[in-house]
Structure formats: structure tokens, C-alpha cells
Amino acid sequence: MAEEGGNGVTAATMVVIREYDPKTDGERVEQVESSCEVGPNGELSLYTDLLGDPICRVRNSPAYLMLVAEVVKYGVDGTEKTTEIVGMIRGCIKTVTCGSKFSRSKTCETPKPLPVYTKLAYILGLRVSPFHRRMGIGLKLVSGMEKWFGDNGAEYSYIATDDANEPSVSLFTGKCGYSKFRNPSVLVHPVFAHRLHVSKSVTIVNLTPSEAESIYRHRFSTTEFFPRDIDSVLTNHLNLGTFLAVPRGYIWAGPDKFLSAPPENWAIMSVWNCKDVFKLEVKGASRLRKGFAKTTRVLDRVFPFLRLPSLPKIFSPFGLHMLYGLGGSGQLYTRFAKALFGFAHNLAKDWKCGVVATEVSSEDPLKLAIPHWKVLSFTDLWCIKRLGEDYSDGSVGDWRKSQPGLSIFVDPREF
Ligand SMILES: CC(C)(COP(=O)(O)OP(=O)(O)OC[C@H]1O[C@@H](n2cnc3c(N)ncnc32)[C@H](O)[C@@H]1OP(=O)(O)O)[C@@H](O)C(=O)NCCC(=O)NCCS
């Protein structure tokens, strides 16, 4: 795939948008990646290390593509002289829930809500080298990716960015036709050197992928962004497990029994190992700040019984676990979710992660219940675009105009 144009560059250079080639581009792409901050460039900036696999953040999706922007320089005789990769973009497509409709039943049964699906594309990992910005390269990469989305039948495309990332927000909403859609909260908690307490009145059951699938499909399939291929998420090697918190004394006898007669309060959560996909690093911290963080860690390690809220090693590359598929039922279910959180924290400690993170809808009651540090957490901005006008709106209507639900299902493959 190659698109040509010379926007902002001299007559002897050209920007080519083409598919990423792992044989020749890997190192050059990582160089660009390491020169790019993610989000606004303030005193502290967040950088990603893709561990030698630039396509890793989309690789686990059912259909994916990575494009690179290459500046090609020609000599006076018209022969190609040098090439330089200056930007890249990743995208993937999958089928997700965009709303629900009620089943029509001929019997007297109460109608059940059924999911309405749409083919959704997602843009992520858009980067342009700091030396080549404002030359139209970001725009070209997005257009190239949207063409692939359209050719593959995607109906909507969306992106997630930081609300304060002005270049990204104005590129997508100003130039590419996206509109602001949802504002989920990314809740981040450091992994302490001590273990968190998990309530003894709660039993945690480790579900098999097929048990987890039954519960998720039954309870969450009408939740916005629920992936229709949830089974491939749950059986992926990066999925460390799905855990169900039930009252102590409850006997787990399989998903059918559980769904027909659940306990009064329960919660569920899955853990995804992002640590083997990418690492993050906060750069730009002063020596004083780094020294303070180190001191808290040392104290926490030496005196774990004091339960000191220590800062993890975020100023050198660190990994994370993502908690997803959080939900449950009952008046006390947030208490059960907290127990699951403590369990997940301790698992992340065993895996030597720096932080655990989760992403929940801005309306979700879990937002208040899930422990997190405000200083590490942030609000995400999801922007959406409808890619074509020639397909039916179905029973949901135009998804862009729908009201947000109480929760969203954040796919860990794209975190
Ligand atoms: C966001 C980013 C990809 C933009 O790339 P780019 O090649 O500079 O973008 P373009 O030149 O194609 O810009 C297209 C339009 O986007 C908007 N835009 C881009 N950079 C902007 C900036 N710094 N401030 C305000 N608007 C900006 C403008 O509307 C611009 O059109 P204009 O130049 O005619 O005014 C680049 O800044 C980057 O890599 N940032 C760091 C990584 C990141 O934040 N990625 C986005 C995560 S979703």
C-alpha cells in the first residue's frame, strides 16, 4: 500500500504511507516511538517501550494493520537516495455491542435485552517524530488507516486520547471528522512492596475461560463495547485469569447454577498481563522526586507491616496489569469488587508490576469504590466517527448520538 504526496517537504522528497514491514522497519519504528511522548508534554512525560515488537498493541485483535510514514529523498537524477521512517499508526477491527434491543417473545416471558452489534475500528499508537510534525503526516496516516477500515467493512472508528493532548484532539475532531463520545476514567494504583488485605468474608473463585465466558455473555453482552469474541480474549495467553468474589461459604457449582441462583452479592474481574506487551516510563522527574520515591519503596520493603503507601519504580521502565470486565450485583457488590482489587494487587506484586490499572465509565459506581491514586489516574477522551452513511442504523440509531450507559466494557487487547 503506498500513498504519495509532498505536503510540506521539498520537491525532491516525498512522504509515502505504506504497510509496516517487520523485517526492515522494526528498529527504525522503535527509534521514532522512543522519541515520542504520549500525551501533553509537561514537566513529566510518559513514554512507551514496545519490547522489540512495534505491532504488539494490536496483534491480539481479530484484524489489525500497522502503517508507517516514510520520507523518501530523491537525487537530481530521480533515483531514490535515502528513506527515513517518521511516523506510524496502528489500527484494528472487531465486532462490539453498540446498544441493545428487547427480544420479541410469543410466550408470556418478559422480553430480554439482546445486544446489537457493530463492526468497530480502533486507531491507536499514532506517532509522528517531533522533527516532522505539522507537515500533514499525522493526517495522512489517519486517512490511510481509515481507508483500510472502510475496505474491511468497519462502520465506526474510534480513538482514545488524553483530553489535554491538544495536537491529538484537534487533529481528530478538527481535521478528521471525529466527535467527542465518552469520557471513561483510567484508575491507576501503585503496586506496594506490602500485600493488601483481602476480606476474609469473601471467597475468590478462579474461573476457567469457558465459565468466565458464560457469566460475561449472560451479564455483560449488552454493555457498550463488549467484544463479541470475548472467548478469544479470555483464552489469550495474556489473560491471567477471571476471578469471582462470592460470600464466604458459598459453594461454586458452575456457571449455570450460579446464574440461575446467584448469591445476594458478588463481583467479577479479569486480569490482563500488559507487562509482557509494553513497558512504560515516566521521564522528566527531578532527582529530589526520584529520591523521595526510592525512600518510600525501601521503607515499605523493610517494614511491610507498616503498610506504607510507597511509590513504585515509575521513573525507569515498569510493567502493569490491567483489570477489566469488572462488574457484579447486590447492594454490597462494591465491597466484593474491593476484595478482588486487593487480590489483583497482590498478584501484580508477585509479577513485579509497577502499577495496576483499570478503565471504567465515568458513570460507573465502581469509580468511587476501586482504590486508585488521583495523581496517577486520568480521564480518557474517546472520539468516534461514522465511516459510511450507506448502512442501516439498525435498532440503535446513530451510535454517536446515544447516551452513555452506566458501564462500558474496556477491551484489554487495546489498552
Ligand atoms: C498528534 C500527532 C500525531 C500529530 O501529528 P502531525 O503530523 O504533527 O499532525 P498533522 O501535521 O497532520 O496535523 C494535522 C492537524 O492536526 C492539528 N494539530 C496537529 N498538531 C497540532 C498542535 N501541536 N497544536 C494544535 N493543533 C495541532 C491541526 O489541526 C493540524 O492541521 P494544520 O497544521 O493545518 O493546522 C503528533 O503531534 C504526535 O506524534 N504526538 C505525540 C504522540 C501522540 O500524542 N499521539 C496521539 C495519541 S492518540
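In the condition set (1) within 14 Å of the ligand (Cβ to nearest atom); (2) part of a strand (DSSP E or B); (3) of a type in the set (K, R), R57 is compliant with all but (2). The C-beta contact set for segment 126-138 (first residue farther than 24 Å from F415 by Cα, second residue within 6 Å of the ligand (Cβ to nearest atom) and among the hydrophobic types (A, V, I, L, M, F, W, C), distance under 6 angstrom, 6+ apart or interchain) comprises I137/V128. Determine which single condition K147 fails, assuming it passes every other condition in (1) crowded, with 17+ Cβ neighbours inside 10 Å; (2) more than 12 Å from the ligand (Cβ to nearest atom). The failed condition is (1). If you check K180, K175 for being basic (K, R), within 23 Å of the chain's Cα centre (by Cα) and surrounded by fewer than 17 Cβ atoms within 10 Å (Cβ to Cβ), only one passes: K180. Checked against the criterion of being part of a helix (DSSP H, G or I), modelled with pLDDT of 95 or more, in contact with a Lys or Arg (Cβ under 6 Å, 6 or more places away or on another chain) and not charged (D, E, K, R), the candidates L139, L171 yield just one match: L139.
Of all residues in segment 130-141, those being surrounded by fewer than 22 Cβ atoms within 10 Å (Cβ to Cβ) and more than 6 Å from the ligand (Cβ to nearest atom) number 3.
Yes or no, residue by residue, for (1) within 16 Å of the ligand (Cβ to nearest atom); (2) crowded, with 17+ Cβ neighbours inside 10 Å; (3) part of a loop (DSSP other than H, G, I, E, B):
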position	(1), (2), (3)
V68	yes, yes, no
D77	no, no, yes
L114	no, no, no
L126	yes, yes, no
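Being touching a strand residue (DSSP E or B) at 6+ places or on another chain (Cβ under 6 Å), over 25 Å from R307 (Cβ atoms) and crowded, with 21+ Cβ neighbours inside 10 Å holds for only one residue in L244, L187, L238, and it is L244. May I ask you to list the residues in segment 268-296 that are aliphatic (A, V, I, L, M), more than 30 Å from T203 (Cα to Cα) and either buried (at least 20 other Cβ atoms within 10 Å of the Cβ) or in contact with a Phe, Trp or Tyr (Cβ under 8 Å, 6 or more places away or on another chain) (or both)? Answer for segment 268-296, where residues must be aliphatic (A, V, I, L, M), more than 30 Å from T203 (Cα to Cα) and either buried (at least 20 other Cβ atoms within 10 Å of the Cβ) or in contact with a Phe, Trp or Tyr (Cβ under 8 Å, 6 or more places away or on another chain) (or both): V277, L280, V282, A285, A293. Look at segment 159-170: where a residue is more than 6 Å from the ligand (Cβ to nearest atom) and a partner is small (G, A, S) and at pLDDT 95 or above, sitting 6+ places away or on another chain with Cβ atoms under 9 Å, you get D162/S168.
Residues of segment 221-251 that are under 18 Å from the mean Cα position of the chain (by Cα) and either among the basic types (K, R) or assigned to a helix (DSSP H, G or I) (or both): R228, I230, D231, S232, V233, L234.
Candidates in segment 172-182 are the residues that are in contact (Cβ under 8 Å) with a residue 40 or more places away in the chain and farther than 23 Å from S61 by Cα; of these, the one that is farthest from the ligand (Cβ to nearest atom) is S179.
The values are calculated or read from the model by the stated rules, or taken from the named source; none is laboratory data. In this text the structure is predicted, and so the values were computed from the model without any measurement. For neighbour counting, all protein chains shown are included, and Cβ atoms are generated from backbone atoms with ideal geometry for every residue, glycine included.
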